[in-house]
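Working notes, beginning with the structure itself.
The values are calculated or read from the model by the stated rules, or taken from the named source; none is laboratory data. Small disclaimer: the values here were computed from a predicted structure and weren't measured. Positions of Cβ are generated from backbone atoms using ideal geometry, with glycine treated the same way; all protein chains shown enter the neighbour counts. Accessible surface areas use protein heavy atoms only, side chains included; no ligands, DNA or RNA. Shrake-Rupley method; radii C 1.70, N 1.55, O 1.52, S 1.80 Å.
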Amino acid sequence: MTRSEFSYQCYMLNKETAGDIFERIIRYSTADEVEVLFFGGKSALTRFANNTIHQNVAEENYGVSVRTAFGQKTARATTNKFDDESLKRVVQASENLAKVQHPDADLLPVPAGLPGERVRATAAIPSRHLELTAATTPEQRAEAVKKIVAVAAKHNLTTAGIFSTAESLEGIFNSRGLAQWHTQTSSELSITMLGSNSSGWQKANSPNVANLDPLKLADIAAQKALESASPLEIPPGKYTVILEPAAVLDLVGFMFFDFGGLAILDQRSFLNNRVGAKLFGENINIWDDVSHPQQSGAPFDGEGIPRQRVQLVENGAVARLVYARSTAEQMKKSEYKEKVGLIEPTGHGFPVPNEMGEAPMNIVFDPSKEPKTVDQMIAGTERGILVTRLWYIREVDPYEKILTGMTRDGTFLVENGKIRHGVLNFRFNQSLIHMLSNVEEMGTPVRASGEESFDMVVPAMKVQDFNFTEVTKF
Amino acid sequence: MKHIADWALNTATLRGASYADARIGDERSRALSTKNGKVSSASDSESRGIGVRVIADGAWGYAASDDLSRVAVESTAARAVEIAKASSRVKQHDIQLAPEKAVSAEWTTPIQIDPFTTSVEQNIDLLLKIDSGLRSVAGVTLAEANMNFHREEQWFVSSEGANIHQTKYTTGAGYAAYAFAGSEIQKRSYPNSFGGQWQNKGYELVQELKLIENVRRVGEEAVALLKADRCPEGVFDIILDASQLGLQIHESVGHPIELDRVLGMEANFAGTSFLTLDKLRKLRYGSDLVNIVADARQDHGPGLGTFGFDDEGVPAQCTPIITNGLFTGYLSSRETAHTIGANRSGGTLRAEGWNRLPIIRMTNISILPGDKPLTREQLIASTESGIYMETNRSWSIDDKRYNFQFGCEAGWEIKNGKRVRMLKNPSYSGITTEFWNSMDAICSRDEWVLWGTPHCGKGQPQQVMGTGHGAAPARFRNIKAGSAYKGN
């Protein structure tokens with residue numbers, strides 16, 4: 001079968017077609033075990049700048065990734081071709097790589113297809129495939145951009161941004177009968193409004209394109225650009241900051257790869273010797289929950305194991321880590337086994353083999369007992385900085401979790417409960433541990449999207465003593 | 001492959017495109033890595049497909065598909081035209097391309113050893129030998145090593161008559177040792193962070209890197225950092241090694257000279273640039289010693305920005321970017337060249353692969369070495385007081401490329417021309433033009449290395465691209481250092 005047969009006659013690769021391809025791969029393989037991942041989809045992105053659509057793209061691409069195992073040796077090969085010759089070639093490539101590996105004593109057999117004895121099933125997730133999103137046309141995206149440009153023109157601003165829609169699939173089959181399949185749609189709108197010496201920004205995404213409101217986002221971004229015009233320079237130092245959800249997301253995203261068991265085994269985690277410790281403020285409670293209504297993604301991991309709902313942080317204490325199957329077995333045999341709490345596969349592994357092990361990718365913050373809106377936080381602030389968005393965040397110190405980065409696209413001085421003026425952007429050098437220990441108020445968690453981390457359900461935060469170290473020139 | 005591309009061009013033209021080009025890409029990659037005595041990743045991948053770029057009704061459209069059957073290719077081209085017509089609903093001006101002579105050409109990265117013909121078993125053995133050597137140093141808690149090969153074959157055909165077949169090879173290799181104790185994690189990498197050194201070469205790169213010879217030193221330095229004194233905070237003269245200077249060039253010269261950023265096309269994500277058009281041939285970017293070029297030609301070396309033609313068929317060129325300290329050039333494309341009064345593109349439009357729209361990317365943005373013989377050790381010997389910093393650890397710069405902060409893996413205090421003590425957590429920060437104007441010495445050709453930055457992100461959807469940066473150790477006067485770690 002060629003790709004054109006399934007993409008143009010059957011619309012999109014589906015579980016049944018993938019099952020047929022998997023059976024062909026099994027026939028071509030001489031390995032003891034075979035695991036096949038399917039991925040890909042259709043995506044389109046309309047990009048605008050200077051009040052013009054200047055780039056406008058669409059893509060359709062599907063791939064199949066074959067992992068073979070001979071005893072304790074395994075390797076992977078990937079192709080985006082589905083004809084017999086290509087499938088034979090990818091199987092051969094995987095087997096050739098696998099056969100020359102050194103045996104890995106920690107390699108486990110592929111998981112069985114029936115509900116595993118050693119893993120708990122997760123709750124069912126809501127459907128994340130919306131036909132309205134999948135059917136969005138270039139003309140519809142252009143019309144939305146036209147409305148955004150009209151908002152910019154009304155305020156004598158210029159606008160830049162993107163409007164994208166996509167449908168994607170993930171599937172996994174293995175030679176012990178496991179077969180998992182997930183499809184979803186996604187849509188995203190990001191808008192920057194630029195004045196002569198200021199800018200504002202808003203971004204949103206959802207599986208359902210109907211949830212995006214171009215005019216509302218454009219209005220907020222424009223308002224930020226107008227209100228931050230002719231920014232003042234104020235000195236760096238420690239300030240009370242009000243971080244909008246996108247800014248929170250881009251900061252806290254830097255710690256979740258450390259919540260994997262393999263990060264502890266590798267001694268590269270800031271949670272080395274800290275699992276169980278009260279690291280953050282009492283008001284911080286964080287879950288990984290793929291079934292949350294505002295989350296997205298597949299309900300299984302890179303080996304097809306159902307994702308559990310896991311509480312990572314409970315009342316400020318590091319409660320649990322997440323585990324791939326192999327990591328859990330290694331941890332149980334390690335010197336750290338008594339120090340890391342419950343050890344079991346949680347369905348957060350990456351496709352095998354890999355270097356990183358696992359990570360929680362569906363982060364949800366618990367609501368505060370007394371959630372405050374950003375406006376209420378501003379109203380209760382004597383002097384502080386309101387941050388719309390952060391940029392170019394990098395880790396400076398991996399154990400104290402000091403991050404550096406810049407504010408961007410809407411940074412304001414708050415005085416006596418009111419936004420007073422836009423200010424020149426700051427560089428920060430801030431420990432995440434200290435930041436999450438100094439959260440004074442939080443908003444209601446919302447699905448947020450930034451640029452440095454994956455999407456999460458996070459609140460706005462009012463944080464004491466946030467450490468700005470330098471000021472830039474705009 | 002030309003007949004497949006012609007299906008796309010014919011369809012696009014029939015549907016109303018005033019310009020069309022098609023790129024068919026066939027890519028192959030191999031990634032091998034080890035961690036703490038085991039193979040952590042062993043994978044091969046291949047990808048093939050077509051991307052069709054058109055102008056219709058004065059606006060751009062682009063569509064890509066992994067399906068090279070005739071029905072799919074024609075459908076993809078038709079979709080590109082449909083998208084372009086949708087784009088034209090929101091436009092200020094029609095797209096105009098700078099003229100470029102259409103050529104038929106073949107170009108291939110000169111390599112000595114095809115990396116895909118080398119033994120996987122022997123390569124894994126090499127990585128495990130490195131791994132074992134790193135972990136033989138007491139105090140090393142994590143060892144990682146990697147080797148990567150990439151081959152990209154591309155056919156570019158345009159409605160103007162271009163027909164270019166180009167094959168590029170990239171090889172990368174390196175390793176890192178980590179040491180965790182108490183409340184800190186230290187790291188040393190070789191020959192650079194970001195997976196080591198990357199160049200457009202064959203397997204000969206791996207053989208040239210002296211990987212085994214440096215294992216012991218790298219492991220020992222990672223552990224020694226745990227007990228080293230912390231980099232002091234204050235204003236110092238600093239000397240940067242060539243790899244760190246390469247990244248400094250990338251962030252504070254390479255990105256701000258991208259003309260699409262300057263023109264606002266990247267404002268929503270990558271940002272804009274302080275190098276507004278009025279600054280060309282007027283701004284004193286650096287000291288007289290600063291000479292930086294954007295050079296994609298093979299003569300410049302096997303950098304990740306070396307090629308025969310860019311992804312809209314423009315031959316590789318050398319553009320002077322900073323000449324004796326004066327800002328003299330941007331990175332441009334056929335669409336943007338007219339904005340700087342150029343009658344031809346600078347040849348910098350590149351795409352991550354067949355499925356991505358080509359955008360302006362750095363080629364090899366390199367600082368030229370000093371004319372007078374000067375080694376790194378001579379440079380240190382000529383420095384009364386300062387800090388020598390080596391190998392990048394963290395990097396950050398604002399979205400107009402003014403304010404930057406870099407952290408390095410290791411530093412050494414210099415007193416009276418000698419390294420007197422190792423320093424942990426060295427960092428420095430500044431404002432781009434102030435920094436480059438403070439450069440008062442740069443080493444000569446023997447110390448110059450064409451480094452590869454393999455994972456530069458830009459564009460929406462984001463594309464990852466390799467860029468090259470030739471650099472030699474250089475000294476900068478009165479730089480703010482050591483403040484990054486005050487994050488509590």
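The table for this structure:
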item: Residue ranges of strands (runs of 3 or more DSSP E) in the stretch B:190-305 with at least 3 members touching a helix residue (DSSP H, G or I) at 6+ places or on another chain (Cβ under 9 Å), on the phi < 0 side of the Ramachandran plot and not assigned by TED's automatic domain parsing to the domain that holds residue B:414; result: B:197-199
item: Near pairs, Cβ below 7 angstrom, 6+ apart or cross-chain, from the stretch B:25-46 (at the interface with chain A (Cβ under 9 Å from one of its Cβ atoms) and of a type in the set (D, E, K, R)) to any residue that is in a loop (DSSP other than H, G, I, E, B) and open to solvent by 30 Å² or more (accessible area, probe 1.4 Å); result: B:35/A:355; B:38/A:104
item: Single condition residue B:165 does not satisfy, out of (1) open to solvent by 20 Å² or more (accessible area, probe 1.4 Å); (2) within 13 Å of chain A (Cβ to nearest Cβ); result: (2)
item: Checklist (1) away from chain A (no Cβ under 13 Å); (2) open to solvent by 20 Å² or more (accessible area, probe 1.4 Å) applied to residue B:444, failing item; result: (2)
item: Filter result (β-branched (Val, Ile, Thr), touching a residue at least 60 places away in the same chain (Cβ under 8 Å) and within 21 Å of residue B:286 (Cα to Cα)) within the stretch B:388-431; result: B:397
item: Residue A:35 vs. criteria open to solvent by less than 20 Å² (accessible area, probe 1.4 Å) and either at pLDDT 95 or above or within 21 Å of residue A:111 (Cβ to Cβ) (or both); result: yes
item: Checklist (1) closer than 16 Å to residue A:253 by Cβ; (2) in contact with a strand residue (DSSP E or B) (Cβ under 7 Å, 6 or more places away or on another chain); (3) open to solvent by less than 10 Å² (accessible area, probe 1.4 Å) applied to residue A:436, failing item; result: (2)
item: Residue in the stretch A:449-466 that is farthest from the other protein chains (Cβ to nearest Cβ), counting only those that are open to solvent by 10 Å² or more (accessible area, probe 1.4 Å) and either assigned to a strand (DSSP E or B) or within 28 Å of residue A:230 (Cβ to Cβ) (or both); result: A:464
item: Subset of the stretch B:180-202 (residues that are more than 16 Å from residue B:130 (Cβ to Cβ) and either more than 19 Å from the chain's Cα centre (by Cα) or surrounded by fewer than 24 Cβ atoms within 10 Å (Cβ to Cβ) (or both)); result: B:180, B:181, B:182, B:183, B:184, B:185, B:186, B:194
item: Residue in the stretch B:59-66 that is buried (at least 20 other Cβ atoms within 10 Å of the Cβ), more than 7 Å from chain A (Cβ to nearest Cβ) and among the hydrophobic types (A, V, I, L, M, F, W, C) present; result: no
item: Hits in the stretch A:89-108 (condition: more than 9 Å from chain B (Cβ to nearest Cβ) and assigned to a loop (DSSP other than H, G, I, E, B)); result: A:103, A:107, A:108
item: Residue check for residue A:86: surrounded by fewer than 23 Cβ atoms within 10 Å (Cβ to Cβ), part of a helix (DSSP H, G or I) and touching a Ser or Thr at 6+ places or on another chain (Cβ under 9 Å); result: yes
item: Top-ranked residue of the stretch A:192-208 - restricted to ones that are of a type in the set (A, V, I, L, M, F, W, C) and open to solvent by 20 Å² or more (accessible area, probe 1.4 Å), ranked as nearest to residue A:150 (Cα to Cα); result: A:194
item: Unmet requirement for residue A:469, which otherwise passes all of (1) under 15 Å from residue B:485 (Cα atoms); (2) open to solvent by less than 20 Å² (accessible area, probe 1.4 Å); result: (2)
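Each row is one residue, and each column tells you yes or no for (1) open to solvent by less than 40 Å² (accessible area, probe 1.4 Å); (2) within 14 Å of chain A (Cβ to nearest Cβ).
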{"position": "B:99", "(1), (2)": "no, no"}
{"position": "B:107", "(1), (2)": "no, no"}
{"position": "B:122", "(1), (2)": "no, yes"}
{"position": "B:137", "(1), (2)": "yes, no"}
{"position": "B:149", "(1), (2)": "yes, yes"}
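Yes/no matrix, rows are residues, columns are (1) among the hydrophobic types (A, V, I, L, M, F, W, C); (2) outside any strand (DSSP E or B); (3) more than 7 Å from chain B (Cβ to nearest Cβ):
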| residue | (1), (2), (3) |
| --- | --- |
| A:17 | no, yes, yes |
| A:27 | no, yes, yes |
| A:37 | yes, no, yes |
| A:42 | no, no, yes |
| A:48 | yes, no, no |
| A:56 | no, no, no |
| A:59 | no, no, no |
| A:63 | no, no, yes |
| A:69 | yes, no, yes |
